[in-house]
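Working notes, structure below.
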Amino acid sequence: MPRARYLWKQLTPNERAEVLRSRKRLGRPWHSPPHRTGADSGCAILYHITAACYEHLPIIGASPARMDEFAGAVQQTFDLCGARCCAWCVLPNHYHALIESTDVLALLRDLGRLHGRSSYAWNGEDGTRGRKVFFRAVERAMRSERHVWATMNYIHNNPIRHGYVERWTEWPWSSAREYLDQVGREEAARIWRSYPIRDYGDGWDAPEL
């Protein structure tokens, strides 16, 4: 069975526009991150959650429908765990989220269960029983206000980083559009300049193959 292929770059402009419209109709509420890390307050702590497909294969991105379904399932998992999602982005072979949680280990366990269910379903669809789909999910606690906003910028810029689109708003599977609508373009540009990502993610972010 050949590898799953992601077809976003092959879609026509009209097909891309329809995907964007569909994602907007199915959009979920987005909330800006708090101006604290929570680490010293006894409250929920902000974490950067990252998970990748095994060997970085673009299995999530086999089709726009699979991307849609998985993006919704990830956010539902956050909701069921009582985690507040501040930013998110799903790509063909990995995903990122900035979440606020009081029990990140329980959240990671539930994400692992989601990975297991998704792997079983996708391997059935792709005729690849026994294929290892996900590697693992990892968390990084936010250390400062600067770390929070640099992470926010990094997550929303990820589709550009990997060459899928040229603008944040062109990628359907992220919170970037809602973020820009809420904070405004000028404020988002100020935050981008004030909290640059520089070499954020070098050496551990999932490369696009």
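A short reminder: the numbers here are calculations on the coordinates, not readings from a lab. Everything quoted here is computed from the prediction, not taken from an experiment. Ideal geometry is used to build each Cβ from the backbone, glycine not excepted, and the neighbour counts take in all protein chains shown.
Taking each residue as 0.36 nm, the span from L180 to A65 lengthens on full extension beyond its C-alpha to C-alpha distance by 38.9 nm. On the beta carbon distance between T12 and T102, with R0 = 41 Å, the FRET formula returns roughly 0.35. Label positions at A141 and D79, each projected 7 Å from the Cα along the C-beta direction, are separated by 2.9 nm.
With the convex hull of its Cα atoms as the shape, segment 122-201 has an orientation-averaged projected area of 7.3 nm².
Let me know the shape class of segment 65-178, please: from the alpha-carbon gyration tensor, a ≥ b ≥ c as square roots of the eigenvalues, rounded when a/c is under 1.5, otherwise prolate if a/b is greater than b/c, or oblate. Judged from the Cα gyration tensor, segment 65-178 comes out oblate (a/c at least 1.5, b/c at or above a/b). For GluC sites (Glu not before Pro), the sites in segment 147-191 that DSSP calls loop and that have at most 10 other Cβ atoms within 10 Å are E166.
Here the simple spin-label model places points 7 Å from the Cα toward Cβ, and for R109 and E166 these points are separated by 4.8 nm.
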